[in-house]
Amino acid sequence: MDAILLQIMNGLDKGGAYALIALGLTLVFGTLGVVNFAHGALFMLGAFVAVTLNKLLSLSVRVKDESVTMFDAYKETPYLELWFGDVGSQVINWSVPLSILIAIPLMLLIGVVMERGLIRHFYRRSHAEQILVTFGLAIVLQEILKLMFGANPIPQSTPDVISGSADLSMIFGIGETISYPWWRLIYLLFSLIVIGLVFSFLHFTTYGMVVRAGMADRETVELLGINIEKRFTIVFGIAAIVAGLAGVMYTPILPPDYHMGMEFLVISFVVVVVGGMGSLPGAVAAGFLLGLLHSFASMTAVKDIFPGIDQIIIYLVAVVILLTRPRGLLGRRGVMES
Amino acid sequence: MSKSKDSMKVTRRSVLAGTAATTGALMFGGVAPLHFIRNAHAQEFPGDPGNNSSIVLGFNVPQTGPYSDEGADELRAYELAVKHLNGEGDGGMLNTMQPSELQGNGILGKKVEYVTGDTQTKSDAARSSARRMIERDNVAMVTGGSSSGVAIAVQSLCQEMGVIFMAGLTHSNDTTGKDKRRYGFRHFFNAYMSGQALAPILEDEYGNDRKAYHLTADYTWGWTQEESIRDATENIGWETVETVKTPVGAGDFSQYLTPVQDSDADVLILNHYGNDMVNSLTQAVQFGMKERVANGKDFAIVVPLYSRLMAQGAGEAAKGILGTSNWHWSLQDEGSQAFVKSFGQEYGFPPSQAAHTCYVQTLLYANACEMAGTFAPWEVIRSLEGFEFDGMGNGPTLYRAEDHQCFKDVLVVRGKANPESEFDILEVVQQVPRSQVEYPADKWGGELGPYKPGE
């Protein structure tokens, strides 16, 4: 029972990350009809917003370390600590949550610039060309970050007060001690909130309603005199924010490196395809479903019967679902079909 | 009009096809073959400098991928070794190595030059990089490491091509066990030695009634380390509850860590290295395993192969964790001190164990050439085989002729609770004598092969 509960929690927090990235991908699919291979790069850019903020906050003075006698070594004391003492070190300690505030406007800007500056020129080009250009963009962004930050992962820490783990048995009122890291619980909650916000925006605001109308029938909406293109640009920006925030919050779980976007991109495409193309609820449902399956496939009991299943389960499920339900779990007839 | 509209229509099939094609291209993107061969004049052996005034060495290290931190430090050490061999700087271990024929005038009077390559911690990339060094850059020796899978792949390529491979950081038993090669030499210790050195200390620390859970990197090094640590801990009475293989570069290990809590294990053994180890250890600590109590005992985490670079990456998480190391900069012998001093002056921080083994390997190769009086690999191999030396950090050391494995003292280390400086991360718990970690040369089978390729 404990084992199952743990794997469910684990699957949900993995699924949260998959769902967030897939949600943005689907939004862009649905509105602009572009398969955005640079979407993983947006996730990575978000993570590096956190890295950059942390680096800026911890800018330091170098003082010679007298305890090292064999060579010249230096101790670094951040300016913030020198100027503001404990408050300064607390600010540095909270750099990841603080990055969210910066990531929102920054990712919106990056998204809009990316759409207006590059992707818009490819709407009327063939699909293969769209894939090539966004994929190329992803590689360029990746290499720029590699140049700036190096190839190695850069660990980010969680704020001290939530760096430990929660006792799940207390929360659920069951048997033995089962601990689960606070940050992962926060990540799950955070992803649910972001997903909720995106859905509320699309369903409960006039702006969102027009966007949905545009997704269903672009021509009619344009005939009504609405500049749907402008709204779709904003949607692209929102997709960038969602991917970026997913990246920011993921940094304490996995130290970011220049390659993290590509790793998530492949899985996210599978999530989108399994969920049904163009279906936002499908993307979210498939994200959590694949997260859970991945988690359960890594259990020793399962691996004993099917060795190596943990590494192929996601792709295996994608194959099975496409064979039995070619439109994905929640895909509707006529969406993205000629 | 309708035509252009059709062409921009997104169909599910075209998206799927495009996604599959691009992913495929991403996964299987290979390296173009190289056909450029410099110095195409008749050579007696590959890397023969002929009348050139210099000799070229090939430093093939991971500059990207999960072991790139170690790779960067290896490269620093190689560059320092080249300086010292060419008579620049303070000479480092050239002054402490015993016996030594090195004079600081290059190797056999030829200036040492080098080329570098990126193994990307992948066997195929490492092999093509090594092949390029041999065919295009005419290197006399290839060296580098940080992954046993890569080391074994490059070692066998070097055997085929008749160029000596001085392994850098590689810890799998197979490198000088079942996959040993005449042209491959390893100064670094191996998983078996780690197990033999570590077990008695684990017994002192945690008693002999313990249940161990292994997470193991799924490639040659992980497998042999798991086997060696398992054997050694079972000999002191521990029970092995579970062994789980994890993919290299998995990043998030949480799905493998959660089942540990549900097992009745009270020790977690992480057979991971590099970034994998930093991630799995940090995540294990996030999951509360340091504070955990299981079977009425404090839960323990063990990292059988440790390095300072890793401990630095893992930060707080590494404190109090036991493991082994080939070498550590705080050793007080003359050779270690000389090396730490020159490395520290050059780069401003102490060298890692990977840097140490690579530096030593380069000097040992150079010295063997001097002893042989030629660069002809079969003669250099004979000088290295059975060579006994001292003054390079771990006490008297033997390059065993039968399997090309070095035998020397092994360090058991622990993550320091109260570090005095940012480099003071590990403390040496014990320098385990060489006699305690020795084993017969035929323990894992394998054949060295001929002195001359094709013989």
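The conditions of being aliphatic (A, V, I, L, M), modelled with pLDDT of 90 or more, surrounded by 23 or more Cβ atoms within 10 Å (Cβ to Cβ) and in a helix (DSSP H, G or I) are met by B:Val154. Looking for something closer than 27 Å to B:Val244 by Cα, of a type in the set (A, V, I, L, M, F, W, C) and surrounded by fewer than 24 Cβ atoms within 10 Å (Cβ to Cβ) - is there at least one such residue anywhere in region B:339-349? No, region B:339-349 contains no residue that is closer than 27 Å to B:Val244 by Cα, of a type in the set (A, V, I, L, M, F, W, C) and surrounded by fewer than 24 Cβ atoms within 10 Å (Cβ to Cβ).
Close contacts from region B:284-301, counting a first residue that is assigned by TED's automatic domain parsing to the domain that holds B:Leu202 and a second that is in a helix (DSSP H, G or I) and acidic (Asp, Glu), with Cβ to Cβ under 9 Å and a gap of 6+ residues or different chains, come to B:Val285/B:Glu316; B:Ala300/B:Glu205.
Any residue at all in region B:352-374 that's hydroxyl-bearing (Ser, Thr, Tyr), surrounded by fewer than 23 Cβ atoms within 10 Å (Cβ to Cβ), within 14 Å of chain A (Cβ to nearest Cβ) and farther than 30 Å from A:Pro252 by Cα? Checking region B:352-374: not a single residue is hydroxyl-bearing (Ser, Thr, Tyr), surrounded by fewer than 23 Cβ atoms within 10 Å (Cβ to Cβ), within 14 Å of chain A (Cβ to nearest Cβ) and farther than 30 Å from A:Pro252 by Cα. When region B:391-436 is limited to residues that are over 20 Å from B:Gly168 (Cβ atoms) and β-branched (Val, Ile, Thr), the one that is nearest to the other protein chains (Cβ to nearest Cβ) turns out to be B:Ile425. Considered as a group, the residues in region B:51-70 that are surrounded by 24 or more Cβ atoms within 10 Å (Cβ to Cβ) and more than 17 Å from A:Ile154 (Cβ to Cβ) include one that is farthest from the other protein chains (Cβ to nearest Cβ), and that residue is B:Ile55. Filtered by the rule that a residue be over 20 Å from the mean Cα position of the chain (by Cα) and either among the small types (Gly, Ala, Ser) or crowded, with 16+ Cβ neighbours inside 10 Å (or both), region B:385-414 gives B:Glu385, B:Gly386, B:Phe387, B:Phe389, B:Asp390, B:Gly391, B:Gly395, B:Ala401.
Condition check ((1) under 16 Å from A:Met260 (Cβ atoms); (2) away from chain B (no Cβ under 11 Å); (3) surrounded by 18 or more Cβ atoms within 10 Å (Cβ to Cβ); (4) out of contact with any strand residue (DSSP E or B) (no Cβ under 9 Å at 6 or more places or on another chain)) across all residues:
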{"site": "A:Val112", "(1), (2), (3), (4)": "no, yes, no, yes"}
{"site": "A:Arg116", "(1), (2), (3), (4)": "no, yes, no, yes"}
{"site": "A:Phe122", "(1), (2), (3), (4)": "no, no, yes, yes"}
{"site": "A:Gly136", "(1), (2), (3), (4)": "no, no, no, yes"}
{"site": "A:Gln142", "(1), (2), (3), (4)": "yes, yes, yes, yes"}
{"site": "A:Thr158", "(1), (2), (3), (4)": "no, no, yes, no"}
{"site": "A:Ile162", "(1), (2), (3), (4)": "no, no, no, no"}
{"site": "A:Val194", "(1), (2), (3), (4)": "no, yes, yes, yes"}
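Within region A:210-268, being among the aliphatic types (A, V, I, L, M) and within 14 Å of chain B (Cβ to nearest Cβ) holds for A:Met215, A:Ala246, A:Met249, A:Ile253, A:Leu254, A:Met260, A:Met262, A:Leu265, A:Val266, A:Ile267. So which strands (runs of 3 or more DSSP E) stay within region B:353-455 end to end and still have 1 or more residues that are closer than 19 Å to B:Thr175 by Cβ and either in contact with an Asp or Glu (Cβ under 8 Å, 6 or more places away or on another chain) or of a type in the set (D, E, K, R) (or both)? Correct list: B:397-399. Residues that are among the hydroxyl-bearing types (Ser, Thr, Tyr), surrounded by 11 or more Cβ atoms within 10 Å (Cβ to Cβ) and within 29 Å of the chain's Cα centre (by Cα) within region A:197-230 comprise A:Ser200, A:Thr205, A:Tyr207, listed in sequence order. Number of residues in region B:373-393 that are out of contact with any His (no Cβ under 9 Å at 6 or more places or on another chain) and over 21 Å from B:Pro440 (Cβ atoms) equals 13.
B:Ala417: surrounded by fewer than 18 Cβ atoms within 10 Å (Cβ to Cβ) and either touching a helix residue (DSSP H, G or I) at 6+ places or on another chain (Cβ under 8 Å) or touching a residue at least 24 places away in the same chain (Cβ under 8 Å) (or both), yes or no? So B:Ala417 passes the test. Elements of the type strands (runs of 3 or more DSSP E) sitting completely within region B:206-286 and holding at least 2 residues that are within 12 Å of chain A (Cβ to nearest Cβ): these cover B:211-217, B:239-246. Considering the conditions (1) surrounded by 18 or more Cβ atoms within 10 Å (Cβ to Cβ); (2) under 23 Å from the mean Cα position of the chain (by Cα); (3) more than 9 Å from every other protein chain (Cβ to nearest Cβ), A:Ile321 is excluded by exactly one of them, (2). Checking region B:128-135 against the condition returns no match, with no residue being more than 19 Å from B:Tyr183 (Cβ to Cβ) and in contact (Cβ under 8 Å) with a residue 40 or more places away in the chain.
Residues checked against (1) without any contact (Cβ under 8 Å) to a residue 40 or more places away in the chain; (2) more than 18 Å from A:Ile8 (Cβ to Cβ):
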residue	(1), (2)
A:Gln156	no, yes
A:Leu192	no, no
A:Val198	no, yes
A:Phe201	yes, yes
A:Gly214	no, yes
A:Gly225	yes, yes
A:Phe236	no, yes
A:Gly244	no, yes
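Listed here are the residues, each with its yes/no results for (1) in contact (Cβ under 8 Å) with a residue 40 or more places away in the chain; (2) in the same structural domain as B:Ala338 (by TED's automatic domain parsing); (3) under 23 Å from the mean Cα position of the chain (by Cα).
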{"site": "B:Met97", "(1), (2), (3)": "yes, yes, yes"}
{"site": "B:Glu101", "(1), (2), (3)": "yes, yes, no"}
{"site": "B:Gly109", "(1), (2), (3)": "no, yes, no"}
{"site": "B:Gly117", "(1), (2), (3)": "yes, yes, yes"}
{"site": "B:Thr121", "(1), (2), (3)": "yes, yes, yes"}
{"site": "B:Val142", "(1), (2), (3)": "yes, yes, yes"}
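Inclusion of B:Asp90 among residues that are assigned to a helix (DSSP H, G or I) and either free of Cβ contacts under 8 Å to residues at least 24 places away in the same chain or within 14 Å of chain A (Cβ to nearest Cβ) (or both) is not warranted.
For region A:280-308, taking the residues that are more than 17 Å from the chain's Cα centre (by Cα) and more than 12 Å from chain B (Cβ to nearest Cβ), the one that is surrounded by the fewest Cβ atoms within 10 Å (Cβ to Cβ) is identified as A:Ile305.
Going through B:Gly184, B:Gly149 one at a time, which residue ends up being buried (at least 24 other Cβ atoms within 10 Å of the Cβ), in contact (Cβ under 8 Å) with a residue 60 or more places away in the chain and not aliphatic (A, V, I, L, M)? Exactly one residue qualifies, and that residue is B:Gly184. For region B:49-87, a tally of residues being among the hydroxyl-bearing types (Ser, Thr, Tyr), part of a helix (DSSP H, G or I) and either in contact with a Leu (Cβ under 9 Å, 6 or more places away or on another chain) or farther than 29 Å from B:Ala153 by Cα (or both) returns 1.
The values are calculated or read from the model by the stated rules, or taken from the named source; none is laboratory data. Because the structure is a prediction, the values reported are computed rather than measured. Using ideal geometry, Cβ is built from the backbone for each residue, glycine included, and neighbour counts are taken over all protein chains shown.
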